Amino acid sequence: MTTTAPETGADPTLLRVRDLTVGFTTAQGPVDVVENLDFDLERGGALGIVGESGSGKSMTSLAIMGLLPKGARRSGSIEFAGTELTGLPERGMRAVRGDRIGMIFQDPLSSLNPYYTVGTQIAEAYRSHRKGVTRRQARTVAIEAMERVHIRDAARRVDHYPHQFSGGMRQRVMIAMTLSMEPELIIADEPTTALDVTVQAQILDLLAEIRAETGAGLILITHDLAVVSEVTDHIVVLRDGDLVEAGPVERIFTDPQEEYTRMLLDAVPRIDDEIGLLRTTSAAEEGR
Ligand SMILES: Nc1ncnc2c1ncn2[C@@H]1O[C@H](COP(=O)(O)OP(=O)(O)OP(=O)(O)O)[C@@H](O)[C@H]1O
Ligand SMILES: [Mg+2]
């Protein structure tokens, strides 16, 4: 304990995950759905976590957020900006979650309440983390956040309800809500899976832009390697809760070491062509 180096703020590692294991007790006995996982995220870095359905991607992110379902066991270490999260009581975790670590999920509708305007929801989320902020100030924060995610006419749109937005725009609203807190880390779990390809490309561009602008770290979770290649610099490949391989994006794409990674890559035909096409389409859409 006494050998811990003093906090200088110079540690380039934002998130250090060691030996993370998540397990459940099922009718068949105990099962580990994430096993002895190790990875690091540098400050301002972007990490993709990829793998097939059921490989443990969401459980990994929920373990980091302290949001695992009831009955889940978690062991190992999750160090965020020098603080060990696994030891934090719920009260301490609530100060981190949503504020210093923001999350974006696949389905923005399930995270937005249909009965309140998006502005109210962004503003109230903000006020719940910033004591003493007035409704009026929070509304200004909401409008600014909506502008930052390129929602046109934000000062008017802030008073609209979730159903008045398209799927892509709702995802922008969620990203605005996350951004308003100025998190140090953003975890996006399949943020574009529910969207059509054109809108997917726009949301990925937005995430890349936000990362560059804010210097926030990003963890992007997806089953789709084409998605991570656009936005992240490192990749962790998961299969059945195990780390299959990890490394820089270029290396994984040009020289995959494992058959499983090759299989995921094969599921992405002509990535460059596809992305080129998406870019062109999305530029055309935005120019309309
Ligand atoms: N409450 C639970 N009890 C038992 N097993 C569970 C429970 N919740 C999830 N699991 C299992 O944990 C494993 C990992 O689930 P996880 O949601 O992390 O997968 P994923 O990689 O996010 O998949 P997807 O791409 O479909 O979102 C799965 O096999 C899932 O069935
Ligand atoms: Mg998942």
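Annotations for the structure displayed:
- Residue match in the range 128-148 (condition: within 26 Å of A208 (Cβ to Cβ) and of a type in the set (K, R)): yes
- Count of residues meeting criterion [touching a strand residue (DSSP E or B) at 6+ places or on another chain (Cβ under 6 Å) and of a type in the set (S, T, N, Q)] in the range 223-261: 3
- Any chance A27 is out of contact with any strand residue (DSSP E or B) (no Cβ under 7 Å at 6 or more places or on another chain) and surrounded by fewer than 19 Cβ atoms within 10 Å (Cβ to Cβ): yes
- For the range 72-84, the count of residues that are closer than 22 Å to Q171 by Cα, within 16 Å of ligand 2 (Cβ to nearest atom) and either under 17 Å from the mean Cα position of the chain (by Cα) or not acidic (D, E) (or both) is zero.
- The one condition from (1) over 24 Å from I210 (Cβ atoms); (2) within 15 Å of ligand 1 (Cβ to nearest atom); (3) surrounded by 14 or more Cβ atoms within 10 Å (Cβ to Cβ) that S53 does not meet is (3).
- Any hit, the range 175-184, residues being crowded, with 16+ Cβ neighbours inside 10 Å and over 13 Å from I122 (Cβ atoms): yes
- Evaluating L265 against the criteria (1) over 26 Å from D196 (Cβ atoms); (2) away from ligand 1 (no atom under 16 Å from the Cβ); (3) of a type in the set (A, V, I, L, M) leaves one unmet condition, (1).
- Listed by first and then second residue, the pairs with beta-carbon distance under 6 Å, at least 6 apart or on different chains, first residue in the range 214-232 and touching a residue at least 40 places away in the same chain (Cβ under 8 Å), second within 16 Å of ligand 2 (Cβ to nearest atom) and among the basic types (K, R), are I221/K57.
- V141 passes every criterion in (1) without any contact (Cβ under 8 Å) to a residue 40 or more places away in the chain; (2) surrounded by fewer than 18 Cβ atoms within 10 Å (Cβ to Cβ) apart from (2).
- Within the range 175-200, the set of residues being within 21 Å of G217 (Cα to Cα), more than 16 Å from ligand 2 (Cβ to nearest atom) and of a type outside the set (G, A, S) comprises I175, M177, T178, L179, M181, E182, P183, E184, L185, I186, Q200.
Just so you know, all these numbers are worked out from the coordinates, no wet-lab data involved. Everything numeric in this text was worked out from a predicted model, so none of it was measured. For neighbour counting, all protein chains shown are included, and Cβ atoms are generated from backbone atoms with ideal geometry for every residue, glycine included.
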